[in-house]
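Here the structure is laid out as structure tokens; the discussion comes afterwards.
Here, each number is a calculation from the coordinates, and none is a lab measurement. Please read all numbers here as calculations on a predicted model, not as lab measurements. No Cβ is skipped: glycine too gets one built from the backbone with ideal geometry, and neighbour counts run over all protein chains shown.
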Amino acid sequence: MKAFKLITLSLVITLSGVVQAQQVKPQGQPDYPLDSSSTLVSRVQPATTTVLQMFRDAGMSPIEHRLTEDEQKKIAAAFSALPPLHQRILKGRLRSINFLDNMPNTALTSTVNPSGTHKLFDITFRAEILNQDVSEWLTWKELTCFDTTGSTLRVSIQAGHLSAFQYVLLHEATHVVDGTLDITPDYALATGQPLPGSLATDFIANVWTQHTVVASAYKSTLLDGIVFRKGGKPLPISQASQIYQALKQTPFVSLYGRSSWHEDLAEYVTVYHFTQTLGQPFTITEGQPTGILLQPHAVGLSQKAI
Ligand SMILES: [Zn+2]
């Protein structure tokens, strides 16, 4: 699309495998037409050259994935299992979704027209997650937080056997909902503070003071040292129970949810929908299934109101 111009000034690549694009708004960009009556499945398209270039600039070499019939069915099922609000907003805001191979990170949500009055979004996924189950993918992601050298101890997440794509789609779609409704504020990239005029919503009140700065009640040097935080690194697996013990004292449903207010919302909504609506488990364990470290739907979900 010739007129399409996506401006991305910085790419934040977390070790979790999730890439998040942050846009600085250029002036005077036109809005883009979108047929909001078209089905969400029909929006599966090849990634734009701009998106591909963004990955190449970050040192990656992704290639277009050719979807099988089975994968197309999984995509359709995942769209129909989204909450009604997500489906409604995606209908009016999702321009395309794309699938790439050889993409080390999991997903990228990018704004097509950041300065438009009606923002549209593209979401790009690593195609491999279509064929992983959610527990397998979440466990892989969680283990990036730990150095397991010399230990047989492992952390795992039991979240049922829906596809990992279902989880990641809901997570990314929540960024689209958030970007549309401003449930968490926009923020100034340099300082992490909300942009002037942003809403200080109930969701972040008393929990976040800046984009990546938690309120003093939830400060933790240990949790600030994990790989999902800027400057963090994999911590010895022997510290796992201590880490989840610290997380239990907070309203965050996952370690990743404590990385920024955007991720807090996306993780919260995703875990909530999986456990409360789709009836899936969400339990983080150590070693044996009996070694429960965290069950956010049992202890944490009630601490927040959306
Ligand atoms: Zn995210």
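Miscellaneous remarks
- The gain in end-to-end length when the Thr49 to Leu85 segment is fully stretched comes to 9.9 nm, 0.36 nm per residue minus the alpha carbon separation.
- With only Cα atoms counted, segment 80-172 has Rg and Dmax values of 16.0, 54 Å.
- Near Val44, the amide H atoms lying under 5 Å from its own belong to Ile97; only residues 5 or more places off or on other chains count, and H is placed 1.01 Å from N.
- The phi torsions of segment 228-241, fed into the Karplus equation with coefficients 6.51, -1.76 and 1.60 and a -60° offset, translate into couplings of 6, 9, 4, x, x, 8, x, 9, x, 4, 5, 8, 4, 5 Hz, rounded to whole numbers, with Gly and Pro shown as x.
- Selected from Ile75, Ser42, Leu130, residue furthest toward positive end of dipole (segment 34-147; charges at beta carbon): Ser42
- Sorted by Cβ neighbour density within 10 Å, fewest at the top, the residues Thr39, Thr212, Thr149: Thr149, Thr39, Thr212
- A simple rule links phi to the HN-Hα coupling: the Karplus curve 6.51 cos²θ - 1.76 cosθ + 1.60 with θ = phi - 60°, which for segment 253-268 gives 7, 8, 4, 5, x, 8, 7, 6, 5, 5, 6, 4, 5, 4, 5, 4 Hz, with x for Gly and Pro.
- Close amide H partners of Thr209, meaning residues 5 or more places away or on another chain with modelled amide H under 5 Å apart, are Val214, Ala215.
- Note on Thr39/Leu181: beta-carbon distance plugged into 1/(1 + (r/R0)^6) with R0 of 35 Å gives a FRET efficiency of 0.95.
- Site pair Trp140 and Ser61 shows an inter-label distance of 2.0 nm when each label is modelled 7 Å from Cα along Cα→Cβ.
- Compared with the alpha-carbon gap, the fully stretched path from Ala77 to Asn102 is longer by 6.6 nm at 0.36 nm per residue.
- Between Ser216 and Gln276, the simple spin-label model (points 7 angstrom out along Cα→Cβ) gives 3.1 nm.
- Phi-based couplings in Hz for segment 161-174 (Karplus 6.51, -1.76, 1.60; Gly and Pro marked x): 10, 5, 6, 4, 4, 4, 5, 5, 4, 5, 4, 5, 4, 5
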